[in-house]
Amino acid sequence: MSNWRLPEYFSDVLPREAAVIEHLRRACLDTARGYGYALVMPPLLEFVDSLLSGTGQDLDLQTFKLIDQISGRALGLRADMTPQAARIDAHLLNQDGVTRVCYCGSAVRTHPEGVHASREILQFGAELYGHAGLEADLEVQQLALDCLRLAGVDRAALDLADNRIVRGVLSGLLLGSQDMEAILDALASKDAGELRLLTRDCTPTQRAAILALPELYGDADVLLEARRVLPQHALISQAIDDLSALARHHQQQGAQVQIDLADMRGYRYHSGVIFSVYAQGYANAVARGGRYDEVGASFGRPRAATGFSMDLREVAGFAAAPQASAAIAAEWSTASGLPEAVANLRRRGETVVQLPPGQAHEASAFSRQLVQRGGAWLVEDRG
């Protein structure tokens, strides 16, 4: 095997793409700062029991693990930065009231998620702690949409769901854990035939509600149908009310909204409203988020929490290359005043490429050059 080959689903990022990603990273962090989010930088490795606290089996299976040569304990290479942000909020910041944090860093997964996905992502995300109201959900959803617009995703579709609806429908089922897991898997795949088989021993009311869930997908009118066919349950009613309010707000802002009441993503992890954002003509969600109030409890500090994340390497595929001013060619010498002139130009944000002796012919590739006129160094366009 050639020693230059990379593992499957890992890739290098070459200059043009790297410039787009870096431009987008800075723009997203600046946008989050404008909302009041403070930047945090968690470590790439943590002890597994901390890294996976409260996250469920899905993230466990996606996490590379190794043994720490100092402590002898198992370490995890982070697959998702959200639990790390929750740990920072609970144990390091430990603030009263609302806390807003954002982050951007590499995360690595054992398996790719989605078509043409990478196992290494550049995860940008934002988390809001300490407020259980819909205002928090609206804020993180709006921030996600704003960041995606920076990448050129203007006609995004927002998919909304709420795990409380599935929990309300399944509450009271007298089934073993294995049968319950099978129902959850069938709901996730929207396998109506399997659901009919698995629910044959349920009461007629329970069975009708479970079989209705995969069909409750579409525009916001789905919520009207959900009120009609789903059982009267406090969790279900509150979830439908919240989804209705969120859908109405985003529609007023001109966004396309879809509802999927059988969305099982993060069922063991999320605790309420969840959302995904899709770009036109693209199969994978370009951003995902939702409530995960239970994660704080695993760190000893129960706290309302909601947030979102996206892979900037993936999202950058929608973005145009940043417009940069043409580079300036300069000779590589210690001629009087030249080092100072080059340094001043670079401080102003210009790109100055100094050409070593014997490479002056390469100056023809540049549209501008630094030349000496009357004792001063000036930038001139090449004729």
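Of note:
- Per the conditions (1) open to solvent by 10 Å² or more (accessible area, probe 1.4 Å); (2) closer than 15 Å to C28 by Cα; (3) in a helix (DSSP H, G or I), the sole criterion not satisfied by L148 is (1).
- Listed by position, the helices (runs of 4 or more DSSP H) enclosed by the range 1-80 that each have at least 3 residues that are assigned by the TED database to the domain that holds D146 and open to solvent by 70 Å² or more (accessible area, probe 1.4 Å) are 15-34, 57-61.
- Residue, modelled with the lowest pLDDT, within the range 265-300, restricted to residues that are surrounded by fewer than 18 Cβ atoms within 10 Å (Cβ to Cβ) and in contact with an Asp or Glu (Cβ under 8 Å, 6 or more places away or on another chain): R268
- Meets criteria (small (G, A, S) and within 23 Å of the chain's Cα centre (by Cα)) for A90: yes
- The condition (being under 30 Å from A86 (Cβ atoms) and in contact (Cβ under 8 Å) with a residue 12 or more places away in the chain) is satisfied by just one residue among A283, A327: A283.
- Residues of the range 258-284 classified as in contact with a Lys or Arg (Cβ under 9 Å, 6 or more places away or on another chain) and either among the hydrophobic types (A, V, I, L, M, F, W, C) or closer than 23 Å to L312 by Cα (or both), total: 11
- Candidates in the range 91-121 are the residues that are outside any loop (DSSP other than H, G, I, E, B) and of a type in the set (D, E, K, R); of these, the one that is surrounded by the most Cβ atoms within 10 Å (Cβ to Cβ) is R100.
- Unique residue being surrounded by fewer than 22 Cβ atoms within 10 Å (Cβ to Cβ) and not assigned by the TED database to the domain that holds G290 when the list is G168, G130, G176: G176
- Enumeration of residues in the range 81-90 that are in a helix (DSSP H, G or I), aliphatic (A, V, I, L, M) and either in contact with a Pro (Cβ under 8 Å, 6 or more places away or on another chain) or modelled with pLDDT of 95 or more (or both): A85, I88
The values are calculated or read from the model by the stated rules, or taken from the named source; none is laboratory data. In this text, all values refer to a predicted model and were calculated from it rather than measured experimentally. We place every Cβ from the backbone using ideal geometry, glycine too, and count neighbours over all the protein chains shown. These area figures cover heavy atoms from the full protein model, side chains too; ligands, DNA and RNA do not enter into them. Shrake-Rupley method; radii C 1.70, N 1.55, O 1.52, S 1.80 Å.
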